[in-house]
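Data first, discussion second: the structure below is written as structure tokens.
The values are calculated or read from the model by the stated rules, or taken from the named source; none is laboratory data. If you're wondering where the values come from, they're calculated on a predicted model, not measured in any experiment. Glycine gets a Cβ as well: all are built from the backbone with ideal geometry, and neighbour counts include every protein chain shown.
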């Protein structure tokens, strides 16, 4: 099971509505994944700054203490059980080291100039409400509702998974060679926080992108290197992509208009989007990469 949603806006006029649209899409996937839910939203960012998406109960006092430790300004936005801490790009490593040493209860689950990532155990409607997803604006977002198969029902096991800057992935399916891939990727500097097979897929794509592959190229390579059943939706700082394995046994449907590209595990996810009656609605073909990017 599991449900995937994604929305990539071509029309900037729709950006204030992104959170509300992706929230209603996420909730419609509840019966495909009632265990936990998560989402990544690509919002405005500052040049030379990095946002750290952090899971764990904390207050604004974290920003003050971290700022003192770094000797530089730090901003912090708290949303329920998560924080988004913004630091200078050249101080990201120092900020991560401070968090690991002084606040090991706080876990960095994503980082980048624009990405903000949130996930928790619970029904999708409850998770979306906890983090006020409907109040978020942005250019694109992806989300996931989980029915656990390969690992336990934990917040760590919830999607999206992010292993590279401004990169994240949601997955419906299971990989049969994720352990061998993990052994190959770890010596290359790709770090994993869980035993989840989907995190390995995210790490594989991050490795490819780090070594210079385009998003489309990395996904094409994955068709040869990943074994199993999968439908992926991937987010990068300016991009959005979809890939199904060559058998394509996991459901998927897409819609494209002049204003947006949308993805859902089922059509009902798309049914209330603006202008859907005039959209090009289609089932993505097996083993074909679909990718969009903003300039």
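A few notes on this one:
- Whichever residue in the range 211-224 is in a helix (DSSP H, G or I) and in contact with a helix residue (DSSP H, G or I) (Cβ under 9 Å, 6 or more places away or on another chain) and, among such residues, is modelled with the lowest pLDDT: 215
- From the options 79, 103, 96, residue that is under 18 Å from the mean Cα position of the chain (by Cα), more than 27 Å from residue 244 (Cβ to Cβ), surrounded by fewer than 17 Cβ atoms within 10 Å (Cβ to Cβ) and without any contact (Cβ under 8 Å) to a residue 60 or more places away in the chain: 79
- Filter pass, residue 191 being farther than 29 Å from residue 20 by Cα and under 20 Å from the mean Cα position of the chain (by Cα): yes
- Subset of the range 154-197 [closer than 17 Å to residue 143 by Cα and in a strand (DSSP E or B)]: 161, 162, 163, 167, 168, 169, 170, 171, 172, 173
- Output for the range 96-118, where each listed residue is part of a helix (DSSP H, G or I) and touching a helix residue (DSSP H, G or I) at 6+ places or on another chain (Cβ under 6 Å): 98
- Residue that is farthest from residue 25 (Cα to Cα), among those in the range 273-287 that are part of a loop (DSSP other than H, G, I, E, B) and in contact with a helix residue (DSSP H, G or I) (Cβ under 8 Å, 6 or more places away or on another chain): 287
- Meets criteria (assigned to a loop (DSSP other than H, G, I, E, B) and either within 23 Å of residue 27 (Cα to Cα) or not assigned by TED's automatic domain parsing to the domain that holds residue 216 (or both)) for residue 141: no
- Among residues of the range 239-250, those that are buried (at least 16 other Cβ atoms within 10 Å of the Cβ) and touching a residue at least 40 places away in the same chain (Cβ under 8 Å), counted: 8
- Scan of the range 40-71 for residues that are in contact with a helix residue (DSSP H, G or I) (Cβ under 6 Å, 6 or more places away or on another chain), without any contact (Cβ under 8 Å) to a residue 60 or more places away in the chain and outside any helix (DSSP H, G or I), ordered by number: 48
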